[in-house]
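Written below as structure tokens is the structure these notes are about.
The values are calculated or read from the model by the stated rules, or taken from the named source; none is laboratory data. Note that the structure is predicted; figures quoted are calculated from it, not measured. Don't worry about glycine lacking a Cβ; one is built from the backbone with ideal geometry, like all the others, and counts go over all protein chains shown.
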Amino acid sequence: MHTTMASLSTPPPPIAAGTTPKPYSSSFTTTTWPLFSITSKTSALKSLKHKLTCNAGSSENLHNLDRRNILLGLGGLAGVANLTSIPSVTAAPLSAPDISKCGTNTLSGFKPGETTPTGGDCCPPDSSQITDFKFPTNQAFKIRPAAHLLTPKYIAKFNEAIKRMKSLPESDPRNFLQQAHIHCAYCNGAYTQSSSGFPDIEIQIHNSWLFFPFHRWYLYFYERILGSLIDDPTFALPFWNWDTPAGMTIPKFFNDPKSALFDTKRNQAHLKSVVDLGYNGKDTDATDIETVKNNLAIMYRQMVTNATDPTAFFGGEYRAGKEPVSGGGSVEQSPHTPVHRWVGDPRETNGENLGNFYSAGRDTLFYCHHSNVDRMWSLWKMLGGKHKDITDPDWLNTSFVFYDENKNLVRVYVKDSLLTNQFGYDYQRVDVPWLKSKPVPRAPRSGIAKKLVGKVKKTEDVTFPVKLDKTVKVLVPRPKKSRSKKEKEEKEELLIIQGITYDSEKYVKFDVYVNDEDDDASAPDQTEFAGSFAQLPHKHKGKTSSKTNFRAGLTELLEELEADDDDNVLVTVVPRSGSEDITIDEIKIIYA
Ligand code: C2O
């Protein structure tokens, strides 16, 4: 292992001045970050696999790592954190909302007559005092633990913290419902871009590159509030480890009706069952073993083949004056969104609580779900290669506001959210079985797209936009074929589904397959399954339809399917939920 030149020649990242991280708790395995540069996906996978799973063999290395080396290893990102000085030639970053202009009555699944301290909407208490957030100088270093591995003592502590949060006066911004409202306000049209000069355009933190940084900051303050309420600065938010078989059910303690963590608005049929990371809005007849297998394959698909570069992982750009239409990142779409919907209660009109953006934060499970989503950001970067944070200044300079644990309103920036070490937390080291869960071809069937020429329409013969009220099958031409290894490393072959118009108040999902001849579509653990588009219901200001894009990485799939030399790819788009009124403007293949 050796550090890259870049990381050695740049100064260490701005870890809060004077921070002396406390030693890791002995009950957890020491964590580390990649200290080497990786060029090929395979070696990246191998090395992460090694680091994450070979505790016996490599633990010595991991434990003996000097803290300073870890910081140097992170140095490669220091340049990113300093990008404020690069003048923006593009639009402008989105500025934190002016919360005094938080809109009422725009919402969002609130039942008629339902009141909140702020009058029936999800606006926070107003405060004209905003300060720029600074990391505390002596923050304790915390390890976020896997929820299913918690000790009874930790569960009791977590429960007590939530209990206290729930018993704060409703006007207190740290109050449990107020915390839930943060999520509602940022995603149901309560805030406009007025502070960026666009009072008629709303702010939406889903479906774009803002998804990961917004939720990281949100959880950070939530965790600090909980810690301060029980006077334990080491309190760390557990993560719902749905990406490993033992963690694939709702962590047991959430089901205890006497616990503050309990929520009645959950799907009663799912309280003890294996989560379906590809949930279509209804239960399948797959056995638990099949579901576990499919889940691991979905994780591989979304974290590896569909997340080859920053745009694929984080989602598309979203700047001041724009709507977030460029498309959500791989993990945001799936499994993040299906898990929300899988937990949400079908007895409730809007799938409350987790099944709808406005109410998601009212379930304590939301924060553990998102703790694991946030963990995916850390893991993804550990894979190396092109797995780097976005460097666009407009992303880095986007800001949000939150109330901290002292009820102060603070402004935070995306650029300060890139390193969990800077926040003073990391994740418990657990096995990452999906790295070894690459889907396998139903049958490697070279030339299938060729056989279907004349039988299935080519994109040029289809009249777009097409409706997705039934399965769409189309042959998509490949601008390049038989690419060399080098070309493949430089550019990923991407399937782009452009201009997807959908009803944003419905749970919308469709699955995409390549070179799958069968009418009975492949399972996620088969190579032909390319990925899913999924959207959680939410309200927008004065409109119900949204438009966005979807992309899936094809390079590895076409290799595995022995279709590298074909002129076309057979693409099958299968509607799964809320698709009656979806239309698609274009389906194409590009290289990026
Ligand atoms: Cu902001 Cu899981 O949603």
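In segment 267-281, what residues are assigned to a loop (DSSP other than H, G, I, E, B), touching a residue at least 60 places away in the same chain (Cβ under 8 Å) and either loosely packed, with under 14 Cβ neighbours inside 10 Å or of a type in the set (A, V, I, L, M, F, W, C) (or both)?
Listed by number, the residues that qualify are V275, L277.
From the list T249, T308, T264, T284, pick out the single residue that is among the β-branched types (V, I, T), closer than 20 Å to T151 by Cα and either within 16 Å of the ligand (Cβ to nearest atom) or assigned to a loop (DSSP other than H, G, I, E, B) (or both). Walk me through how you get there before you give the answer.
Numbers: T308 fails: closer than 20 Å to T151 by Cα; T264 fails: closer than 20 Å to T151 by Cα; T284 fails: closer than 20 Å to T151 by Cα.
Every option except T249 fails the conditions.
Here are P537, P524, P575: which of them is surrounded by 18 or more Cβ atoms within 10 Å (Cβ to Cβ) and either of a type in the set (S, T, Y) or assigned to a strand (DSSP E or B) (or both)?
After ruling out the rest, the residue left standing is P575.
Here are V414, V410, V432, V401: which of them is farther than 28 Å from D263 by Cβ, in contact with a strand residue (DSSP E or B) (Cβ under 7 Å, 6 or more places away or on another chain) and either crowded, with 24+ Cβ neighbours inside 10 Å or among the hydrophobic types (A, V, I, L, M, F, W, C) (or both)?
Answer to the selection: V410.
Yes/no matrix, rows are residues, columns are (1) out of contact with any strand residue (DSSP E or B) (no Cβ under 9 Å at 6 or more places or on another chain); (2) more than 14 Å from the ligand (Cβ to nearest atom); (3) over 23 Å from A185 (Cα atoms):
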| site | (1), (2), (3) |
| --- | --- |
| F313 | yes, yes, yes |
| G316 | no, yes, no |
| G329 | no, no, no |
| R341 | no, no, no |
| L354 | yes, no, no |
| D363 | yes, no, no |
| Y367 | yes, no, no |
| G385 | yes, yes, yes |
| W395 | yes, yes, no |
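Just to verify a result, which residue in segment 173-193, among those that are assigned to a loop (DSSP other than H, G, I, E, B) and among the small types (G, A, S), is surrounded by the fewest Cβ atoms within 10 Å (Cβ to Cβ)? So that I can check it myself, show each step before the final result.
Just the residues of segment 173-193 that are assigned to a loop (DSSP other than H, G, I, E, B), to begin with: 173-175, 188-191.
Now narrow it down to the ones that are among the small types (G, A, S): 189-190.
On the way: G189: 21, A190: 29.
In this case the residue turns out to be G189.
Pairs, please: C-beta under 8 Å, at least 6 apart or cross-chain, first residue without any contact (Cβ under 8 Å) to a residue 60 or more places away in the chain and in a helix (DSSP H, G or I) and in segment 330-359, second more than 11 Å from the ligand (Cβ to nearest atom) and not small (G, A, S)?
Listed pairs, sorted by first residue: V331/Q302; V331/M303; V331/F313; V331/M376; V331/W380.
Quick one: F235 ticks every box in (1) part of a helix (DSSP H, G or I); (2) more than 16 Å from the ligand (Cβ to nearest atom) except a single one, so which number is it?
(1)
Please go through segment 194-222 and give me each residue that is of a type outside the set (A, V, I, L, M, F, W, C), within 16 Å of the ligand (Cβ to nearest atom) and part of a helix (DSSP H, G or I), ordered by number.
P213, H215, R216, Y218, Y220, Y222
Please go through segment 311-329 and give me each residue that is surrounded by 24 or more Cβ atoms within 10 Å (Cβ to Cβ) and not in a helix (DSSP H, G or I), ordered by number.
Passing the criteria: G315, Y318, P324, G327, G328, G329.
Just to be sure before I move on: is S378 more than 16 Å from the ligand (Cβ to nearest atom), within 16 Å of the chain's Cα centre (by Cα) and among the hydroxyl-bearing types (S, T, Y) in the structure I sent? I'd like the intermediate steps shown before the answer.
Details: more than 16 Å from the ligand (Cβ to nearest atom): yes; within 16 Å of the chain's Cα centre (by Cα): yes; among the hydroxyl-bearing types (S, T, Y): yes.
So S378 passes the test.
Scan segment 505-521 residue by residue and report those that are surrounded by 23 or more Cβ atoms within 10 Å (Cβ to Cβ) and farther than 15 Å from L557 by Cα. Quick ask: steps written out before the conclusion?
We begin by selecting, within segment 505-521, every residue surrounded by 23 or more Cβ atoms within 10 Å (Cβ to Cβ); these are 507-510, 512-516.
Correct list: Y507, V508, K509, F510.
Got a sec? Which of D389, D374 is modelled with pLDDT of 95 or more and in a helix (DSSP H, G or I)? Break it down stepwise before answering.
Working: D389 fails: in a helix (DSSP H, G or I).
The conditions single out D374.
Being hydrophobic (A, V, I, L, M, F, W, C) and buried (at least 22 other Cβ atoms within 10 Å of the Cβ) is the filter; apply it to segment 489-504 and report the residue that is nearest to R478 (Cα to Cα).
L495
Has segment 239-246 got at least one residue that is among the small types (G, A, S), at pLDDT 95 or above, buried (at least 21 other Cβ atoms within 10 Å of the Cβ) and more than 23 Å from K539 (Cβ to Cβ)?
For segment 239-246, residues among the small types (G, A, S), at pLDDT 95 or above, buried (at least 21 other Cβ atoms within 10 Å of the Cβ) and more than 23 Å from K539 (Cβ to Cβ): absent.
Do you know which residues across segment 223-232 are part of a helix (DSSP H, G or I) and either in contact with a strand residue (DSSP E or B) (Cβ under 6 Å, 6 or more places away or on another chain) or β-branched (V, I, T) (or both)?
Quick first cut of segment 223-232, residues part of a helix (DSSP H, G or I) only: 223-229.
Scanning segment 223-232 gives a single hit, I225.
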